[in-house]
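Working notes, structure below.
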Amino acid sequence: MELCSLIAVPRNLKEGIDWLMALRGTDDENGLKAVSAVLYEFLAQQPVGLKRLRDLEDVKSVSHEFLLQPEFQDQPYVKDLVQRYTTPMNKDVGTFAKAFGDIAKSDYENVLQTQGVNPETIEEKLRKVVHGTEKFLNYIKNTRRYSRTYGSAATWASSCTHDPELCAAILVGMAPMLYAGLRYLNDAAADAFLEGPDSVEEKRLVSVLEALGYEGQQKRGKMRSSDIRNALSGVDKDVLTVLYDLAGFWAFY
């Protein structure tokens, strides 16, 4: 059954991408522009530290549960993300670690403030995320069988105008889930492609897609690693970085 409101929190990658598609809707000038402005206000004011916001914590718990799936535990970056939900991050990063360590700036500084980000910048980056994930969705879904999570009634105007910060919190809270899910699928498809069509890695892609929410006949049949890599061609490093930064790790973990 299709959900009628965007305040229903996505539980996996499939539902998260469906949420983005519903947010954009048929009039993306309103949805994406509006959420970008609210995201800016929501994130730009957050100092480095650890802040607990009730609405955000509710969404974080859903993303945490998604990341805890056994299917994803072979990747160090997933384990690192999981740990952040229970152990506060160290924001006191030394100069050497900043220069030579594999540490994102948004782990220890408010990148909206330090990099001169404005609402228009966020909108531009968010549109790239939506474009890349839409390309992925259109490539892998079985058009006749696909059941979208959110119905036509789930729009920014109907769901978010009365409490726009709640919708911003949902996007911020599910950002780690989107980041990890897309990155993991990309890595799994790359490994399978290298190992060959009869490899364990290739056969495992079915269970990976299921863990991400793409089950049964909702996805195209016989999705090979090459197909998944083509589907993810619009989800590049820049898209993953946007999703990572939107999580607000400097403030909420």
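The values are calculated or read from the model by the stated rules, or taken from the named source; none is laboratory data. Only a predicted model underlies this, so the values are computations on that prediction, with no experimental measurement involved. Note: ideal-geometry Cβ built from the backbone for every residue, glycine included; neighbour counts use all protein chains shown.
List pairs: first in segment 229-244 and over 22 Å from residue 192 (Cα atoms), second outside any helix (DSSP H, G or I), Cβ under 9 Å, 6+ apart or cross-chain? Listed pairs, sorted by first residue: 241/104; 244/104. Screening segment 21-31 for residues that are in a helix (DSSP H, G or I) and surrounded by fewer than 23 Cβ atoms within 10 Å (Cβ to Cβ) and picking the one that is modelled with the highest pLDDT gives 21. For segment 161-208, which positions are more than 24 Å from residue 83 (Cβ to Cβ), surrounded by 23 or more Cβ atoms within 10 Å (Cβ to Cβ) and touching a residue at least 40 places away in the same chain (Cβ under 8 Å)? 167, 168, 189, listed by residue number. Please tell me if residue 247 is over 21 Å from the mean Cα position of the chain (by Cα) and aliphatic (A, V, I, L, M). Considered against the rule, which asks whether it is over 21 Å from the mean Cα position of the chain (by Cα) and aliphatic (A, V, I, L, M), residue 247 comes out as no.
Just wondering, is there one or more residues in segment 54-68 that are among the charged types (D, E, K, R), surrounded by 13 or more Cβ atoms within 10 Å (Cβ to Cβ) and under 14 Å from residue 179 (Cα atoms)? Yes: segment 54-68 contains one or more residues that are among the charged types (D, E, K, R), surrounded by 13 or more Cβ atoms within 10 Å (Cβ to Cβ) and under 14 Å from residue 179 (Cα atoms). Only one of the numbered conditions (1) surrounded by fewer than 18 Cβ atoms within 10 Å (Cβ to Cβ); (2) farther than 22 Å from residue 155 by Cα; (3) not acidic (Asp, Glu) is violated by residue 78, and that is (1). Entry remark, segment 136-179: residues being closer than 30 Å to residue 225 by Cβ, aliphatic (A, V, I, L, M) and out of contact with any strand residue (DSSP E or B) (no Cβ under 6 Å at 6 or more places or on another chain) number 6 in total.
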